[in-house]
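The values are calculated or read from the model by the stated rules, or taken from the named source; none is laboratory data. All values derive from a computational prediction rather than experimental measurement. Neighbour counts run over all protein chains shown; Cβ positions are idealised from the backbone, glycine included. The accessibility values were calculated without ligands, DNA or RNA, using every heavy atom of the protein model including side chains. Shrake-Rupley method; radii C 1.70, N 1.55, O 1.52, S 1.80 Å.
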Amino acid sequence: TVGPDYYYHAFVYAKKYASEDMKLYYNDYGCADKVELILKHLEPVKAEGLIDGIGMQAHLSTDDRIQYKFMFAVKDFCEAGYEVQATELDIGIKENTESALLTQGRKYRAFFKHMKSLQEEGYPITGITIWGFSDKYTWRNGEYPLLYDEKMNPKPAYFGAMQDASIPDVE
């Protein structure tokens, strides 16, 4: 019963029952790897004005080159006429060491810096949502991906996200 027109029908019904002031977003994981596919599936939805934006789930790691693939995808979606939000942001590390935590802080700094820079250039970036508060309650156990440690102390990740000068720039 579900076919290639699933995207279209999902937005038709969402628009039908949503309040007039509600914005509708397509939200997906791995968007940076499937920009063309997403844009193709959303063409009829966009053509009828049924969608406002794209949410890019941002489950990243310190190995990711944030300024390249992810940010290029953000630009591609914006240039195609969509608002963009980074959703479910968390940046995992492989070990809970001082060095890894600093690298993570630098990655958070780079992520927020690049999103803000794109927004200042006029790209319609409307939000960033962190996928949790503390490493104690993360779904990514053992990767310590959030802004606060298990004892609710701010990590270098927090200071990086806040663009604090104590965290060096990375990208």
Task: Checking R65 against (1) part of a strand (DSSP E or B); (2) loosely packed, with under 14 Cβ neighbours inside 10 Å, the condition it does not meet - done: (1)
TODO: Select from segment 50-80 the residues that are at pLDDT below 95 and among the charged types (D, E, K, R) and write down the one among them that is farthest from D5 (Cα to Cα).
DONE: D63
TODO: Check N96 against each of (1) in contact with a Phe, Trp or Tyr (Cβ under 8 Å, 6 or more places away or on another chain); (2) touching a residue at least 40 places away in the same chain (Cβ under 8 Å); (3) crowded, with 17+ Cβ neighbours inside 10 Å; (4) more than 30 Å from G49 (Cα to Cα) and name the one condition it does not meet.
DONE: (3)
- [ ] Taking the residues in segment 81-101 that are in contact with a helix residue (DSSP H, G or I) (Cβ under 7 Å, 6 or more places away or on another chain) and of a type in the set (G, A, S) as candidates, determine which candidate is nearest to K136 (Cα to Cα).
- [x] A86
TODO: Output the residues belonging to segment 129-153 that are open to solvent by 60 Å² or more (accessible area, probe 1.4 Å) and not aromatic (F, W, Y).
DONE: T129, K136, N141, E143, E150, K151, M152, N153
